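Below is one structure, written out as structure tokens; comments come after it.
The values are calculated or read from the model by the stated rules, or taken from the named source; none is laboratory data. Because the structure is predicted, anything quoted here is derived from the model rather than measured. We place every Cβ from the backbone using ideal geometry, glycine too, and count neighbours over all the protein chains shown. Side chains included, ligands, DNA and RNA excluded: accessible areas come from the protein's heavy atoms. Shrake-Rupley method; radii C 1.70, N 1.55, O 1.52, S 1.80 Å.
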Amino acid sequence: GDGGWTVTVCTSDCVGALATIAGLFPAYRIDIQSADVFTLRFPSRPDGAGARPGRRRYSGHLQAPEQGPPTRRILDIFQVRALVDPGKDVWERFQKDLEGFVALLVAGHQDTAREQLIDRVSETFRAMEGSDAQFFPVAIDLSNDASPEYTRVTIRSTDTGGFLYAFTNA
């Protein structure tokens, strides 16, 4: 109702996943206000226990790699706001695009996914009036105190279009 949404993404953890998700938002002219990003680890099941015979699909959409189910997932929660009216079917289109990009990543085609997304984001920024890129100071805090297994990374900066995408690509 107020032009803002909470978007939750849970998918395979693979190289480029966060950058891809973060880049798809500005491609749709949706601004990320904040994000909480998590990596989830699941124990490997070498005996295949718990898997359904003959099924290789995750979340009903993505094909798993041949070596078996991944043992890591990402769970990313974004607070976002549309910069322009995105249309009523925005989330169906977003989901379909995200599924396609993640399928490329899982299949090992990171360069293809990255190039396609860069093209999409570049087209969006070219089409936006007054989109002169400015870079502001960035504060990055790292902490290993919260968990012996994980590092907490807190990033703060002035809101800039595509910031999280640019940061995660770097």
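Summary table
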| item | result |
| --- | --- |
| Residues located in the stretch 1-39, provided they are touching a Lys or Arg at 6+ places or on another chain (Cβ under 8 Å) and hydroxyl-bearing (S, T, Y) | T11, S12, T20, Y28, T39 |
| Selection status of S122, of a type in the set (S, T, Y), closer than 25 Å to W5 by Cα and either within 18 Å of the chain's Cα centre (by Cα) or modelled with pLDDT of 80 or more (or both) | yes |
| Test: residue in the stretch 53-60 that is aromatic (F, W, Y), surrounded by 11 or more Cβ atoms within 10 Å (Cβ to Cβ) and at pLDDT 90 or above | no |
| Selection count, the stretch 1-12, where residues are open to solvent by less than 50 Å² (accessible area, probe 1.4 Å) and under 12 Å from T39 (Cα atoms) | 3 |
| Which listed residue, of A133, A139, A127, A146, is at pLDDT below 70 and surrounded by fewer than 16 Cβ atoms within 10 Å (Cβ to Cβ) | A133 |
